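Asks: Got a structure for you, questions after.
The values are calculated or read from the model by the stated rules, or taken from the named source; none is laboratory data. Owing to the predicted nature of the structure, the values given are computational and were not obtained by experimental measurement. Neighbour counts are summed over all protein chains in view; Cβ atoms, including those assigned to glycine, are modelled from backbone coordinates with ideal geometry.
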Amino acid sequence: MNISRKLAVDDLLEGCRRGERRAQELLYKMLASRMLGVCTRYAKDRYEAEDMLQIGFVKVFQKVKEFRGEGSFEGWIRRIMVNSAIEVYRKNQRMLDVVDINEVYDVQQVTFDMNGLETKDLLRLIQQLPAGYKLVFNLYAIEGYSHKEIADQLGITEGASKSQLSRARAVLKEKIMKLEGSKYVDHVG
């Protein structure tokens, strides 16, 4: 983030704390596209991501006085967006496909070369994961939550979180290998 952007965000923070609608509007315009990207990783479609974004910004404006300046304001907003995504997930009562953790360790681990894989391809593949797998994968691999934090947030065991992550990785590996295989076939043929 450049210095002028940081100053602008800090100025808007103070305006938001005072309840100024213009400051809220400018903050929303400044961060909405980036936060929509966060929400999109958790949503089943664009409409759900936009709902998560709106819910998240309402919470940001309601709780802005609670921001203590520990860490970045944008990071604080991002965490609210992730929590809003979890809330929408819970509200929709999606069931996690939980497997016994022992089953996970019996699966042979496969490695592959991702040099040819582009970020957009990987994000598209993550979006295709079953809802429970996608949620745990995003929370763990992208947001950096621990399995204990994920378990607490979702009301599941740490073992269930670990199994969801392992299954998500296995599905992603399979999809990546198919994608890479089809690219190889395209180049050969």
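Asks: Cβ-Cβ distance below 7 Å, separation of 6 or more or different chains: which pairs start in the range 7-23 with a residue that is within 16 Å of Glu66 (Cβ to Cβ) and end on one that is surrounded by fewer than 18 Cβ atoms within 10 Å (Cβ to Cβ) and modelled with pLDDT under 90?
Replies: Taking only residues 6 or more apart or on different chains, not a single pair turns up.
Asks: So Gly69 passes all but one of these: (1) farther than 23 Å from Ala168 by Cβ; (2) part of a helix (DSSP H, G or I). Which condition number does it fail?
Replies: (2)
Asks: Read through the list (1) modelled with pLDDT of 90 or more; (2) under 12 Å from the mean Cα position of the chain (by Cα), then give the number of the only condition that Ile126 fails.
Replies: Among (1) modelled with pLDDT of 90 or more; (2) under 12 Å from the mean Cα position of the chain (by Cα), the lone unmet condition for Ile126 is (1).
Asks: So Gly116 clears everything in (1) of a type in the set (Gly, Ala, Ser); (2) surrounded by fewer than 20 Cβ atoms within 10 Å (Cβ to Cβ); (3) at pLDDT 80 or above except one condition, right? Which one?
Replies: Of the numbered conditions (1) of a type in the set (Gly, Ala, Ser); (2) surrounded by fewer than 20 Cβ atoms within 10 Å (Cβ to Cβ); (3) at pLDDT 80 or above, the odd one out for Gly116 is (3).
Asks: Take the range 124-151 and flag every residue that is free of Cβ contacts under 8 Å to residues at least 24 places away in the same chain and crowded, with 18+ Cβ neighbours inside 10 Å.
Replies: Correct list: Tyr145, His147, Ile150, Ala151.
Asks: Just give me the residues in the range 60-85 being closer than 19 Å to Leu154 by Cβ and of a type outside the set (S, T, N, Q), in sequence order.
Replies: Those that are closer than 19 Å to Leu154 by Cβ and of a type outside the set (S, T, N, Q): Arg78, Arg79, Ile80, Met81, Val82, Ala85.
Asks: Please determine, by comparing only the residues of the range 48-106 that are closer than 16 Å to Gln164 by Cβ and basic (Lys, Arg), which one is modelled with the lowest pLDDT.
Replies: Arg94
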